[in-house]
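A.B. asks: Here it is: the structure, laid out below.
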Amino acid sequence: MISHLFETGWSKLSCGSRALEEVEHTVGPLSDQRTEGVRDVGVSLLSECVILGNSELLALRSEGDVIIGGLFPVHYLVSNSRDTYNSKPQNGPCNGFDDRAFRWMMTMIFAVEEINRNPALLPGVTLGYHIMDSCDHIHTSLRNIQRITTDSGRCLTGSPITAVVGLASSSPTGAIAHILGPFSIPLVSYFATCACLTDKHTYPSFLRTVPSDLFQVRGLVELVKFFGWNWVGTVGTLDDYSRYGIQAFSNQFIQLGGCLAYHLTIPQSPTLGEIGAMADTLQSSNAKVVVVFASEVQLQELFSELAARNVSGIQWVASESWVTANMLTAPQFHLLLQGTLGFSFPGVYIPGLREFLLKVRPKAEPGFEFHNMLWEEVFDCRLEFTENTTDSPERPVCTGSEDLSNLQSSYTELSKVRISYNVYKAVYAIAHALHDLLECGYVGATTAEAGCKKNASKPIELLSYLKRVNFTNQFGEKVHFDENGEPVPLYDIINRQKDSKGKIRFVKVGSYDGSVPIRQQLQLNQSKIVWTGGLSQVPVSLCTDPCPPGSRQARRPGEPQCCFDCLPCAEGEISNQTECTKCPEYYWSDKRKVECVAGVDDFLSVYDTMGIILITLTLLGVVMTTVITTVFHHFRATPIVRANNSEISFLLLVSLKLCFLCSLPFIGKPSTWTCRLRQAAFGVSFVLCLSCLLVKTIVVLLAFRSTGPGSGAMKLFGPAQQRTLILCTTAPQVCLCAGWLSAAPPFPFRNPMYQASTGKIVVECRELWPAGFYLVLGYIGLLASLCLLLAYLGRKLPDTFNEAKLITFSMIIFCAVWLSFIPAHVSSPGKFTVAVEIFAILASSFGLLFCIFVPKCFIILVRPENNVKKRMIKSPR
């Protein structure tokens, strides 16, 4: 016993030391840091090569001048063993035979044999293979790669294996690439797509015939956004493939405005409770689109639970790992998975492969264990010569003569192979690299050293040629690798559809080419797509339905941006169902608040009813003033006209006519000249009118206060003085208006303040100096107040026709009109502001006309007997 342990320990140490020596011989002297890293691998893993060399592990093997290794997940379950530390750990058995993965394995053998029959490729050199089961498990993959790369106690650096084809999953692939990288043994994967494997510093000898998930993720994000799905859930597992894929998808999806409703992670060995909780989430969520990064084996339990609940209406978006998996095409999954849309690798029909696969037969000889497992799996029987004690004795016995050609399984489904094609390309890429190497010698060789040498195929030399391999295969595809060991990113977009026989078929409905410009990458034929549940309408997956026209989104606190409430836009705003934007100046929103409409100019038009009425009143006032002026002129010699200076009366009539006419510039669309004319004409006209009244009032008071004609008071205030007073009282208003118009004149302005509520733009005269208007109005009020006061003092003078009394009445009306004008002017909206001012002008003008001149016209025309001098003046009592 002691002797055995001594020999075993010595073998381990010598093997580990020899491995390090051979690494230094192959790749050059190692630095301390590099040596330490290799020692970790060499001592902890490679020192087991002797023991592994004697272990009994299942493998398919064929000798040749150059041996290619292979790792395939023929089984997908590994039983968990609990180590007691009292005995040597035992390797747990692999369960769950995968006939699809066995087909991949047999495709590698088919490719090797096809190459060996080709005299043009590797002439005089035969390829061999050493293939083992990875069980889709990291530990099993590590153990078996050591078995493949060792031979009779020789370690990795002395391995007869030139390259390895494998593996299917990203996590085991990463572990194997870590082992093979320091020894420059090429590892060509046919199904490991994780973007993490692109790192050439970590995985220097890793290449693959499938594109990185980096491109698939971009395509999936573009696909999801193409159909307007902003609210999706994600499902993944704990391995690198799922973790990196989901993370990249989530980041890009959120950057483009999408939201994740949830993320479910399937544990490695989920319990019924965990599966039930995930099924509850999927069933209750309003996210009807679910993006899944996982393998069919990892999804089987979850999908079985959902199928048992008859869950439907979920639109599954699949990664390439499971979209074409036959394991999930059983009738129980039809309701759940029909309509699934996902990415897959381009498929081809490989001539001769079907015939090769159908030749497989079970045998009792060593090396046919996998064949026997396939037979028992696909025909659901048991072979008498196998040692499978777990099979139920009720299973029928296999005869070994069953016909595979009549079998419907993923093993015989070869109309378009995808992963098998990637295996096929991987083997041919290695063969072409070997061909280039054997023709030209190793990279860096001199001309004398070049030549076909069978022993010149060291892994490090092959790796250099493999990275630069470039050939076109029989299917017209150009096979080459970029600087990261990646192929051209090409994908088919596959739709799971049920055919007339009730079976699931994988229908190509589009493609994705990551090597072309972005806008041309995604190509879809939407008419061929069948959605979940067999529907023809694109499913809707939104957290909240789009806001109706005229409203905006309001984020809900603590929830993703795709979940929002809809609030109506304010007046004068329109919405694009996301946010409200204010219409440009002079535009307003329509009733639905979806379009900005040009505002309609609103002003007191000559065609408006109000405008017509005001113009009519203005013309009526002008006509009446003209008529009264004519009457006065005709009877200018009569006492009633001559009283109180008839010249002042005619001037008063002219000023009243001007007062009526100054209202006309207020009607119509404001222009530069009307804006400047209207207030100035109004201010001067009324001041002139009030100046005349003031003079008339003073004359009346002086006339009746004097002792007789020719008295001193009347001499002091004769016609010349009266004209001077009119001029002096009018001049300040003229100067004020001139200074106002020259310094800060009013100008036409389109005021949109009422636009939002009425849709109209008020065109008005904007005052640059509002105080100017109030000064003009204030001076008018000052003169009116003075006239009122003087007229009030003379209201009881002894006169048959007391003009002071008439002036008092007219001034009371005048002041009442303009005092009420101020609040009305301030509070009136839009064009009514102008209408109020015109009304005040007309009302005050008519008040003066009626109170002062109409009574006189009545006496002149109706009571001429009173129009005599003795009737005009009564002697004092």
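A.B. asks: Kindly check whether there is at least one residue in region 221-232 that is under 30 Å from LEU462 (Cβ atoms) and in contact with a Phe, Trp or Tyr (Cβ under 6 Å, 6 or more places away or on another chain).
C.D. replies: no
A.B. asks: Exactly one condition in (1) in a loop (DSSP other than H, G, I, E, B); (2) of a type outside the set (S, T, N, Q); (3) more than 26 Å from VAL868 (Cβ to Cβ) is false for ALA637; which is it?
C.D. replies: (3)
A.B. asks: Out of everything in region 545-573 that is without any contact (Cβ under 8 Å) to a residue 60 or more places away in the chain and among the acidic types (Asp, Glu), what residue ends up being surrounded by the most Cβ atoms within 10 Å (Cβ to Cβ)?
C.D. replies: GLU573
A.B. asks: Considering region 632-659 alone, what residues qualify as being touching a Lys or Arg at 6+ places or on another chain (Cβ under 9 Å) and of a type in the set (Val, Ile, Thr)?
C.D. replies: Hits for region 632-659 are ILE640, VAL641, ILE648.
A.B. asks: SER415: under 19 Å from ILE493 (Cα atoms) and not assigned by TED's automatic domain parsing to the domain that holds GLY233, yes or no? Reasoning before the result, please.
C.D. replies: Working: under 19 Å from ILE493 (Cα atoms): yes; not assigned by TED's automatic domain parsing to the domain that holds GLY233: yes.
So SER415 passes the test.
A.B. asks: Next question. I'd like to know if region 195-204 contains one or more residues that are crowded, with 19+ Cβ neighbours inside 10 Å, of a type in the set (Gly, Ala, Ser), without any contact (Cβ under 8 Å) to a residue 40 or more places away in the chain and assigned to a helix (DSSP H, G or I).
C.D. replies: Looking for residues that are crowded, with 19+ Cβ neighbours inside 10 Å, of a type in the set (Gly, Ala, Ser), without any contact (Cβ under 8 Å) to a residue 40 or more places away in the chain and assigned to a helix (DSSP H, G or I), one finds none in region 195-204, hence no.
A.B. asks: Assuming GLU377 fulfils every condition listed in (1) of a type outside the set (Val, Ile, Thr); (2) outside any helix (DSSP H, G or I); (3) at pLDDT below 90 apart from one, which condition is it?
C.D. replies: Looking at each condition in turn, GLU377 falls short on (2).
A.B. asks: Just give me the residues in region 663-673 being crowded, with 19+ Cβ neighbours inside 10 Å and part of a helix (DSSP H, G or I), in sequence order. Step through it out loud before you land on a result.
C.D. replies: Looking only at region 663-673, we keep the residues that are crowded, with 19+ Cβ neighbours inside 10 Å, and these are 663-667, 670.
Correct list: LEU664, PRO665, PHE666.
A.B. asks: Cβ-Cβ below 7 Å, separation at least six or inter-chain, first residue in region 803-826 and closer than 30 Å to PRO639 by Cα, second of a type in the set (Lys, Arg): which pairs?
C.D. replies: Note: pairs meeting the criteria are GLU803/LYS696; ALA804/ARG795; LYS805/ARG795; ILE807/LYS696; THR808/ARG795.
A.B. asks: Follow-up question, since we're still on this one. Just one of the numbered conditions (1) buried (at least 18 other Cβ atoms within 10 Å of the Cβ); (2) modelled with pLDDT under 90; (3) under 14 Å from LEU677 (Cα atoms) is not true of LEU741; which one?
C.D. replies: (1)
A.B. asks: Do we have any residue at all in region 482-497 that's under 22 Å from the mean Cα position of the chain (by Cα), among the charged types (D, E, K, R) and outside the structural domain of LEU328 (by TED's automatic domain parsing)? Spell out the reasoning first.
C.D. replies: Quick first cut of region 482-497, residues under 22 Å from the mean Cα position of the chain (by Cα) only: none.
The answer is no; no qualifying residue exists.
A.B. asks: For residues that are of a type in the set (S, T, N, Q) and either over 14 Å from VAL763 (Cα atoms) or not assigned by TED's automatic domain parsing to the domain that holds LEU775 (or both), tally how many sit in region 671-688. Reasoning before the result, please.
C.D. replies: Here is the first cut: in region 671-688, the residues of a type in the set (S, T, N, Q) are 671-672, 674, 679, 685.
If we keep only those that are either over 14 Å from VAL763 (Cα atoms) or not assigned by TED's automatic domain parsing to the domain that holds LEU775 (or both) too, we end up with 679, 685.
Of the residues in region 671-688, 2 are of a type in the set (S, T, N, Q) and either over 14 Å from VAL763 (Cα atoms) or not assigned by TED's automatic domain parsing to the domain that holds LEU775 (or both).
A.B. asks: Out of the residues in region 262-275 meeting the condition of being surrounded by 14 or more Cβ atoms within 10 Å (Cβ to Cβ) and touching a residue at least 24 places away in the same chain (Cβ under 8 Å), tell me which one is farthest from THR532 (Cα to Cα).
C.D. replies: Here the residue is PRO270.
A.B. asks: How many residues are free of Cβ contacts under 8 Å to residues at least 24 places away in the same chain and in contact with a helix residue (DSSP H, G or I) (Cβ under 7 Å, 6 or more places away or on another chain) when one looks only at region 657-683?
C.D. replies: Number of matching residues: 3.
A.B. asks: Here is a follow-up. Checking the condition more than 55 Å from the chain's Cα centre (by Cα) and modelled with pLDDT of 50 or more, which residue from ARG103, ARG117, ARG18, ARG82 passes?
C.D. replies: Just one listed residue meets the conditions, ARG117.
A.B. asks: Do we have ILE138 as among the β-branched types (Val, Ile, Thr) and buried (at least 22 other Cβ atoms within 10 Å of the Cβ) here?
C.D. replies: For ILE138, the condition - among the β-branched types (Val, Ile, Thr) and buried (at least 22 other Cβ atoms within 10 Å of the Cβ) - is not met.
The values are calculated or read from the model by the stated rules, or taken from the named source; none is laboratory data. Worth saying up front: this structure is predicted, and the values here are computed from it rather than measured. Quick reminder, even Gly has a Cβ in these numbers, built from the backbone with ideal geometry, and neighbours come from all protein chains shown.
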